[in-house]
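Q: Before anything else, here's the structure in question.
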Amino acid sequence: MATIVLVPGFWLGAWAWQDVSLDLRATGHDVHPVTMPGLADRAAEASPEVGVETHVADLVRFIEQNDLRDVVLVGHSGANVPVTGAADRIPDRIARIVYVDAGPMPGGVSVLDFNPPDVQEEWRKKVEAQGDGWRLPLPEFGPDDLAGLSDETLARMRAMSTPQPFATATQSLQRPEAIPDTPISVIASTFTPEQVQALINSGIPLFASMAGAEVHHLPTGHWPMFSRPADLAAMLSGIAG
């Protein structure tokens, strides 16, 4: 049995892990899906001040207050920032970090920075036009990202999504000079292990922190918890041991 903390990506809450959590618990794991401040069931906490530090501190507090140890800390997509930050601060409690269709980013790089210029422009426009200048509504995504989602599932995701406090996308994580050597796994869905390795080998500093990562392949769209929940749960169970 492993202790697994599941952190959803942008616009989502703990609800997104429902099917995955059920399967993991059925195999005996101690599973904790969480919602970050300002989203889903915690939408009332949203404000322009909710940013990267808010989410990192909240995740650290959750793990410490529940006295969780040897945690397999799972972050989907944009949750790569809070899980990385939490693991940096309490490495003695983290057994492994698992990035689902994501990876660790170096300090000083924001989620917005990581996206191509056209996406950055689209997000900023949506924030100004629909988000009161500080919230990012769920954008439109291309077919590769949406692969495997039925019309019903996509409609549910859109209906239950929450505008993301934009500071969580524009602020960067400040990482320590001595980064803990916590084991890292990557579950690649919209990209292949070969592409991951090519990025690591490229020498581009942005991908240096992925060196040594254990890479798994679960081909589907960007939301495997919706498109292939049973397979994702089985893969997480295998990684957790």
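The values are calculated or read from the model by the stated rules, or taken from the named source; none is laboratory data. In this text the structure is predicted, and so the values were computed from the model without any measurement. All Cβ positions, glycine included, derive from the backbone under ideal geometry; neighbour counts span all protein chains shown.
Q: Show the residue pairs meeting these rules: Cβ distance below 9 Å; 6+ apart or different chains; first residue within region 215-241 and without any contact (Cβ under 8 Å) to a residue 24 or more places away in the chain; second residue assigned to a helix (DSSP H, G or I).
A: As it stands, the answer is D231/P224, since those pairs meet every condition given.
Per-residue answers, yes or no, for (1) modelled with pLDDT of 95 or more; (2) in contact with a Phe, Trp or Tyr (Cβ under 9 Å, 6 or more places away or on another chain); (3) part of a loop (DSSP other than H, G, I, E, B); (4) under 21 Å from P8 (Cβ atoms):
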{"site": "E121", "(1), (2), (3), (4)": "yes, no, no, no"}
{"site": "A159", "(1), (2), (3), (4)": "yes, no, no, yes"}
{"site": "T162", "(1), (2), (3), (4)": "yes, yes, yes, yes"}
{"site": "Q174", "(1), (2), (3), (4)": "no, no, yes, no"}
{"site": "G203", "(1), (2), (3), (4)": "no, no, yes, no"}
{"site": "S209", "(1), (2), (3), (4)": "no, no, no, no"}
{"site": "G212", "(1), (2), (3), (4)": "no, no, yes, no"}
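Q: Counting only residues that are surrounded by 21 or more Cβ atoms within 10 Å (Cβ to Cβ) and either among the aromatic types (F, W, Y) or more than 17 Å from the chain's Cα centre (by Cα) (or both), how many does region 49-62 have?
A: The qualifying residues number 0.
Q: Still on this structure, I have one more. Give the residue that is surrounded by the fewest Cβ atoms within 10 Å (Cβ to Cβ), with candidates limited to residues of region 131-176 that are of a type in the set (F, W, Y) and within 19 Å of the chain's Cα centre (by Cα).
A: Only one residue tops the list, namely F141.
Q: Oh, and also: Exactly one of these conditions fails for A46: (1) crowded, with 24+ Cβ neighbours inside 10 Å; (2) farther than 15 Å from A16 by Cβ; (3) touching a residue at least 40 places away in the same chain (Cβ under 8 Å). Give me its number.
A: A46 satisfies every listed condition except (1).
Q: Does D41 satisfy the condition of being more than 30 Å from G203 (Cβ to Cβ), modelled with pLDDT of 95 or more, in a helix (DSSP H, G or I) and in contact with a Gly (Cβ under 8 Å, 6 or more places away or on another chain)?
A: yes
Q: For S237, indicate whether it is part of a helix (DSSP H, G or I) and in contact with a strand residue (DSSP E or B) (Cβ under 9 Å, 6 or more places away or on another chain).
A: Against the criterion (part of a helix (DSSP H, G or I) and in contact with a strand residue (DSSP E or B) (Cβ under 9 Å, 6 or more places away or on another chain)), S237 qualifies.
Q: Could you list, ordered by first residue, the pairs with Cβ atoms under 8 Å in which the first is in region 105-129 and closer than 18 Å to S209 by Cβ and the second is surrounded by fewer than 16 Cβ atoms within 10 Å (Cβ to Cβ) and of a type in the set (A, V, I, L, M), at least 6 apart or interchain?
A: If the second residue must be surrounded by fewer than 16 Cβ atoms within 10 Å (Cβ to Cβ) and of a type in the set (A, V, I, L, M), the pairs left are M105/L206; P106/L206; P106/A208; V109/L206; F114/L206.
Q: What number of residues in region 208-234 are small (G, A, S) and surrounded by 19 or more Cβ atoms within 10 Å (Cβ to Cβ)?
A: 5
Q: Only one of these is part of a helix (DSSP H, G or I) and under 18 Å from the mean Cα position of the chain (by Cα): V81, V72, V127. Name it.
A: Numbers: V72 fails: part of a helix (DSSP H, G or I); V127 fails: under 18 Å from the mean Cα position of the chain (by Cα).
Unique residue meeting the criteria: V81.
Q: On the given criteria, is L112 at pLDDT 95 or above, among the aliphatic types (A, V, I, L, M), out of contact with any Lys or Arg (no Cβ under 6 Å at 6 or more places or on another chain) and in a helix (DSSP H, G or I)? Write out each step before concluding.
A: Working: at pLDDT 95 or above: yes; among the aliphatic types (A, V, I, L, M): yes; out of contact with any Lys or Arg (no Cβ under 6 Å at 6 or more places or on another chain): yes; in a helix (DSSP H, G or I): yes.
Yes.
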